[in-house]
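Values in this text are rule-based calculations from the coordinates and carry no lab data. Note that this is a predicted model, so its numbers are computed, not measured. Here the Cβ positions follow ideal geometry from the backbone for every residue, glycine too, while neighbour counts run over all protein chains shown.
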Amino acid sequence: MGIRGLNALVSENAPRAIRSSELKALFGRKVAIDASMCLYQFLIAVRQQDGDVLTNEAGDTTSHLMGFFYRTIRMVNYGIKPCYVFDGKPPVMKGGELEKRLKRRTDAETKLKEAKESGEVEEMHKFQRRTVRVTRQQNDEAKKLLKLMGIPYVEAPCEAESQCAELAKAGKVFGAASEDMDTLCYQPPYLLRNLTAAESRKLKIDEYNIKEVLKGFEMPIEQFVDMCILLGCDYCETIRGVGPVTALKLIRKYGTLEKVVESIEEDPKSKYKVPENWPYKEARELFLHPEVTPGSEVELKWTEPDIEGLIEYMVKENGFSEQRIRDGAGKLKKALKTGTQERLDSFFKVAGTRSSGTKRSAEEDGKKGKKGKNGKAKRRK
């Protein structure tokens, strides 16, 4: 679900924190991608003309395999080194949200059945997408494919978004790619949205700079997280009647959720009612101190793809075109063998901070780098 209304609030209060660009702007970057989010995207978006998912001869779904294969190749061809992070065990506090999702999916299945009986094609397609559920088998199939492609993946102990953020904070990757805005609460240097969908849907990639986000709101991360919890997150329900504008106003006025709750409970005329046993403190802890594998313990390695292994798995086992898989694997091999060149800005220490609205060439950045004895700009260590 993410954080309700957060994107609009960031756009209004910290516009300099957001930069929109094309995929090629990430040339030379390593990026940690929320694989669980990708699985949902691919199962929903990669469909046959009649709206049904792709399947092999055995009837098993293969839409996710096609999505991971081709969109990963596209990123690598743009000079991006992706690594995928898979969800681990969800936090106990997320149980309520998962129950709601199950109920919504069950309701959609009922409406899908009704649409089929009445022959309403558009309604069928709509509810088919709402019934999508990612299985453990599909997770394992995606991991097997990535291994054959030579693309690293990480199994998070808990939430994929928090592990992506940890890899970014540890300097293993440039940023965390996810559609969930709650990723900002885990403080990755950069959050990337629309990364896996940008090319196919002609979308721009939105890059969020967490330092600029906090600067725009004039808040430390603790206060920002409190605001996000008040907006509504996966870990606890909201205070009914408190929307984005009110949530921001309350946090700015009282500073912390403790004081917001206290002000509501002590005011007999308050129109707001705090849910009984509201676990906002536990939610805050999950955002500020998530369960992750330390980035220093994670090694990311991109290797040459196993082309014959890909043919065996994608063609013989799952019915994809051999020529297309060979062509795709050849492009992947060439791109990975060539290696992702270092971005020019990684060789220089740039004076000042580039704002989201300022475009500056790499050559201009280089001229402002610190110089060594030989008069050339020093490389960053």
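Under the simplified labelling scheme, the ASN77-ARG326 pair shows an inter-label distance of 1.8 nm, with each label point 7 Å from Cα along Cα→Cβ. Amide H contacts of VAL154 (H built 1.01 Å from N, in plane; Pro and chain starts excluded): TYR84, VAL85, PHE86 sit under 5 Å, all sequence-distant by 5 or more or on other chains.
Looking at this model, which pairs from LYS30/LYS301; LYS89/LYS281; LYS143/LYS204; LYS143/LYS331; LYS30/LYS172; LYS30/LYS144 are more than 18 angstrom apart at the alpha-carbon? Check vs 18 Å cut-off fails for LYS89/LYS281; LYS143/LYS204; LYS143/LYS331; LYS30/LYS144.
At a Förster radius of 41 Å, what calculated FRET efficiency corresponds to the Cβ-Cβ distance of VAL315 and ILE44, to the nearest 0.05? Efficiency computed from Cβ-Cβ geometry: 0.95. What do you get for trypsin sites (Lys or Arg not before Pro) in the range 300-329 restricted to DSSP loop and a cutoff of at most 10 other Cβ within 10 Å of the site's Cβ? Counting only loop positions with at most 10 other Cβ atoms within 10 Å, the trypsin sites (Lys or Arg not before Pro) in the range 300-329 are LYS301.
Each listed q (0.09, 0.12, 0.15, 0.22 Å⁻¹) maps to a log10 I(q)/I(0) for the range 182-329, found by the Debye formula over equal Cα scatterers with no solvent: -0.50, -0.71, -0.90, -1.36. Residues whose amide H falls under 5 Å from that of ALA177, counting only those 5 or more places apart or on a different chain, are ALA32, ILE33, ASP34, LEU192, with hydrogens built in the peptide plane.
Taking amide hydrogens as placed 1.01 Å from N in the peptide plane, the amide H of ARG4 sits under 5 Å from those of GLY232, each at least 5 positions away in sequence or on another chain. Pairs of Cα atoms nearer than 8 Å and 6+ residues apart set the relative contact order; for the range 15-90 it is 45 percent.
Within the range 1-27, find all residues whose amide N lies under 14 Å from a label point positioned 7 Å from the Cα of LYS259 along Cα-to-beta-carbon. No residue qualifies, since no backbone N sits under 14 Å from the label point. From least to most packed, judged by other beta carbons within 10 angstrom and beginning with the fewest, SER11, SER36 follow the order SER11, SER36. Taking N as the residue count of the range 221-288, its C-alpha radius of gyration divided by 2.2 N^0.38 Å amounts to 1.00. Between VAL245 and PHE27, the FRET efficiency from the beta-carbon distance, with R0 = 35 Å, is close to 0.35. Phi angles of the range 299-312 translate, via the Karplus equation with coefficients 6.51, -1.76, 1.60 and θ = phi - 60°, into HN-Hα couplings of 10, 9, 9, 9, 10, 5, x, 8, 4, 5, x, 5, 4, 4 Hz per residue; Gly and Pro are given as x.
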